[in-house]
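Please read the structure below before turning to the comments.
The values are calculated or read from the model by the stated rules, or taken from the named source; none is laboratory data. Just so we're clear, the structure is a prediction, and the values are computed from it rather than from any experiment. Here the Cβ is made from the backbone with ideal geometry for all residues, glycine too, and neighbour counts use every protein chain on show. Just the protein is used for accessible areas: all its heavy atoms, side chains included, with ligands, DNA and RNA removed. Shrake-Rupley method; radii C 1.70, N 1.55, O 1.52, S 1.80 Å.
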Amino acid sequence: MDVSAQVATARAPAKINIYLGVGPRRRDGFHDLATVFHALRVGDDVVAERDDKGRVTVTVEAGEAGDSGAVDVDAVPADESNLAARAAQSLRRYAGVECGVHLRIVKRIPVAGGLAGGSADAAAALLACDSVWDTGCGKAELATIGARLGSDVPFALHGGTVLGSGRGERLAPVMAPVRLHWVLAIAEGGLSTPKVYGQLDTMRAASMVPAPQVPPELLTALRVGDLDAVGDHLANDLQPAALRLRPALQDVLDAGADLGAVGGVVSGSGPTVALLARDERHADQMAAGLVARQVCRDAVATTGAASGARLISRST
Ligand code: C5P
């Protein structure tokens, strides 16, 4: 009996880094990280449909507005260079699959926003393709394939709140039982991740960079749900570099502080700013306040930690 699906849909979350410590540039060009990844409710869907002619194709469309504001889908390549298509090809080669797939990416995660949207699409594509091709790969194998495609793909598969090390692909659990309310301030246009890392290297060229470490106080704060202490320890070594490239992000951080944010930080390589709210109502108020002040293109209230990539439908 053929148990593989004809069509399968997987959803994968956006992420922020509650803490992002960046070590010196490594010989392979990457940087060692000490980070706390945090998955958000907002996420992308990838619908995989078997292609018996062996082609791997991709289309990209905007998801329903509301959860992340308008998404610039024209900035996402709809060809074999798309990270989801590359993920499908990697799995196909790994599992020796002859069948192809059409991937329909439904994007809600802002593009080039420091929210790992490309990695989310790759993670969702791996799960959805695994389902339509019935490869029998487990999540650990998919994470290994995913790590070669992007540093954040293993986390997009895992979800939750976790410690990340290496270049971000090594994950360890963190106790963080309390739901957190966030506002994402979405900027006009993206920032290139390699450029932001390069800017950081330039800014630190004259200094000795120590190995990064997540502050134990932050881990305690997450464990006991001490919101103010979490807010105090939000930090990102890439933030000064993102601010140098996009000085207007300081206005977003200032406006967040003015609107009572418990803390605020540039997410990953930016330019999205994540602001921690006291509760759902405060998050909605803060989002409306940021939009009214016109310091960002859009502002969206969301929550974490969300689960990692998962199948949401399957039909044979
Ligand atoms: O792995 P990913 O494709 O997300 O990385 C994009 C770029 O970000 C890399 O080419 C590298 O310039 C930079 N990067 C880094 N160190 C990391 C992760 C990413 O320098 N740990």
Considering residues of the stretch 116-163 that are touching a helix residue (DSSP H, G or I) at 6+ places or on another chain (Cβ under 7 Å) and among the hydroxyl-bearing types (Ser, Thr, Tyr) only, the residue farthest from residue 184 (Cα to Cα): 135
Quick one: is residue 62 under 22 Å from the mean Cα position of the chain (by Cα), open to solvent by less than 10 Å² (accessible area, probe 1.4 Å) and under 19 Å from residue 9 (Cβ atoms)? no
If you scan the stretch 183-204, which residues turn out to be farther than 19 Å from residue 28 by Cβ and part of a loop (DSSP other than H, G, I, E, B)? 187, 188, 189, 190, 191
Would you be able to tell me the number of residues in the stretch 186-202 that are more than 13 Å from the ligand (Cβ to nearest atom) and touching a Ser or Thr at 6+ places or on another chain (Cβ under 7 Å)? 2
Test: residue in the stretch 162-177 that is within 13 Å of the ligand (Cβ to nearest atom), open to solvent by less than 20 Å² (accessible area, probe 1.4 Å) and outside any strand (DSSP E or B): yes
Extreme residue, farthest from the ligand (Cβ to nearest atom), among residues of the stretch 6-51 that are open to solvent by 30 Å² or more (accessible area, probe 1.4 Å) and within 26 Å of residue 131 (Cα to Cα): 6
Tell me, please, whether a residue that is within 16 Å of the ligand (Cβ to nearest atom), assigned to a helix (DSSP H, G or I) and open to solvent by 60 Å² or more (accessible area, probe 1.4 Å) can be found in the stretch 218-232. no
Go through the residues of the stretch 205-212 one by one and say whether even a single one is open to solvent by 40 Å² or more (accessible area, probe 1.4 Å) and part of a helix (DSSP H, G or I). no
Give the residue that is farthest from residue 189 (Cα to Cα), with candidates limited to residues of the stretch 234-262 that are open to solvent by 10 Å² or more (accessible area, probe 1.4 Å) and of a type in the set (Gly, Ala, Ser). 260
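Given the options 287, 261, 274, 299, name the one that is aliphatic (A, V, I, L, M), part of a helix (DSSP H, G or I) and at negative phi.
Step by step, each of 287, 261, 274, 299 is checked, and only 287 is aliphatic (A, V, I, L, M), part of a helix (DSSP H, G or I) and at negative phi.
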Considering every residue within the stretch 168-182, establish whether at least one is more than 28 Å from residue 291 (Cβ to Cβ) and among the aromatic types (Phe, Trp, Tyr). no
Take residue 298 and tell me if it is closer than 25 Å to residue 44 by Cα and open to solvent by 10 Å² or more (accessible area, probe 1.4 Å). yes
